[in-house]
Amino acid sequence: METIALGEHFLHIEPAADGHHLRLIGPSGGQSLEIIVTEQGPVLRLGSGLRIELAGALSVDAERVELHGRKGVTITSGGEVTIEASTHLNARADLGDVRVKANDDLRLDGERILMNC
């Protein structure tokens, strides 16, 4: 294992059975960042929350994007929100309701509108 001092933080680098682990340890001894380098690619783990602030746009481009919140997911916008899909767009709630609320008109435009099917 190799340890590098970075001000009040320490970077620990150690080989492991699943690859290499890089850990950033804070002044209080808590792990704030871990990067595990595996054969499948790097895995980033954070010991606390992450906040990203940008003056410009944030763009993510990947073959597939998956988001999962263990207790919930919230998406908000100060402006318009657009969700588009080239094929199917699915919304489902395994428990509870699916609610759509509009201050103005609610428009459904489809070749056929099937209800209770």
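The values are calculated or read from the model by the stated rules, or taken from the named source; none is laboratory data. Predicted model only: the values in this text are computed from it and were never measured. Keep in mind that these areas ignore ligands, DNA and RNA; they rest on the heavy atoms of the full protein, side chains included. Shrake-Rupley method; radii C 1.70, N 1.55, O 1.52, S 1.80 Å.
Can you grab the distance from the C-alpha centre of region 71-93 to the C-alpha centre of region 50-68, Å, no decimals? One Cα centre to the other: 14 Å. For region 1-108, what's the relative contact order in percent, using C-alpha pairs closer than 8 Å and at least 6 residues apart? It comes to 11 percent, rounded to a whole number. Evaluated over the Cα positions of the chain, the convex hull gives a direction-averaged projected area, one quarter of its surface, of 13.5 nm².
The fraction of accessible area contributed by carbon and sulfur in the chain is 50 percent, rounded to a whole number (1.4 Å probe; ligands and nucleic acids excluded). A 1.4 Å probe run over the chain, with the rest of the protein chains in place, finds 101 Å² accessible per residue.
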